[in-house]
Every structure is written in structure tokens, then in C-alpha cells.
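**Student:** Structure in C-alpha cells, see below.
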Amino acid sequence: MVSFLMFIHAIICVLVVVVVLMQSGRGGGLTEGFASAESMFGAQTNAFMTKSTTVLTVLFFITALSLAFLSSQQGKSLMSGAAVEKEAGKMEKMGQSDAVQKEATDKIDEAAATATATVEKNMDSGENMMEAAEEHADHQQATPAAAPVSTGDSQNSP
């Protein structure tokens, strides 16, 4: 039924194009190119073209709406099964890539947390080392410099 309706719809589309092109407009249309159009339709050529355009346009809308209704009732796409399966495969891969992306993001977050903890630990160690160095420097300044010890063998003694 749908195939037959599609065939009728295609024929109506072609007929609408031909009838519209045959109508005389400001430029004369294709009617002037066909001298036999006047003899074929007689003196009422404009009235006939207008009525045929109206009828074909109404038929076009009826077949288009019928095709839309029938395709929605069938519940399947007019696309071939392979194309639909291909799109479904792409969607499935996208779902898998989302899971992979989430897993990678989680690993990156975990690595960042580990790196942050390591940096904080090293900073604490560095601060402890700096405190120890300051204490050592303070201790060095607090101790007076020792006088040189004389051994008694001094060559410079009087």
C-alpha cells in the first residue's frame, strides 16, 4: 500500500511541476513554447491550468499526509534496515565512548588527588627542613666564637 501511494505521489509531483511551468506568467511560461497548448485546451487554457494546478496540489497534500500517517502507523522507518542498524551502532558506540570517557575522567581525578597529596607532603617536609636550618643558624649565632687554642710551640713568642 505504501509503495503504491509513493508511486502515485511521485507522479503527482512531476505533474504539478509540468502544469506550473506550462502556465503563462509575466514571462509567458512554457505555453508560448508549445503552440499546440492553445489548440489542445482551447480558448479556456488559463482556466484549465488554474483548475488542474489546484486539483494536483490538493492531491499532493492528500498523498503526503497519507504517507506520513501510514509510516507512523507502521512503526518503522522508511530507511533501509542496514542504514538504521548502522545509526544504532553509532549510537551504541557513542554510549560506550561516554563510559570510557567517564572512566578516564575518574582516573585523572584520582591521579590529581594523589599528586596534590604528594605535593602537600613534600611542602610539609620542606617547611620542617627550613625550620631545622633556621634553628641551626640561630644556634650558631648564639655560640660565641672560640678563641684559638695555643699549643705552646709558638714560633712567634717573645
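Computed from the coordinates by the stated procedures, all read-outs in this text should not be read as laboratory data. Not measured: the values here are computed from a predicted model. Cβ placement follows ideal geometry from the backbone for every residue including glycine, while neighbour counts extend to all protein chains displayed.
**Student:** Could I have the simple spin-label model distance between Val18 and Gln141, label points 7 Å from Cα toward Cβ, reported in nm to one decimal?
**Tutor:** Label-label distance for Val18 and Gln141, simple model: 10.8 nm.
**Student:** In addition: How much length is gained if the chain between Ala132 and Ser66 is pulled fully straight, taking 0.36 nm per residue apart and subtracting their Cα-Cα distance, in nm to one decimal?
**Tutor:** That works out to 14.8 nm of additional length.
**Student:** Which FRET efficiency, nearest 0.05, do Ala99 and Val119 yield, Cβ-Cβ r, R0 41 Å?
**Tutor:** 0.85
**Student:** Same structure, new question: Compute the length gained on full extension between Thr54 and Ser3: take 0.36 nm times their separation in residues and subtract their Cα-Cα distance, giving the result in nm to one decimal.
**Tutor:** That works out to 15.9 nm of additional length.
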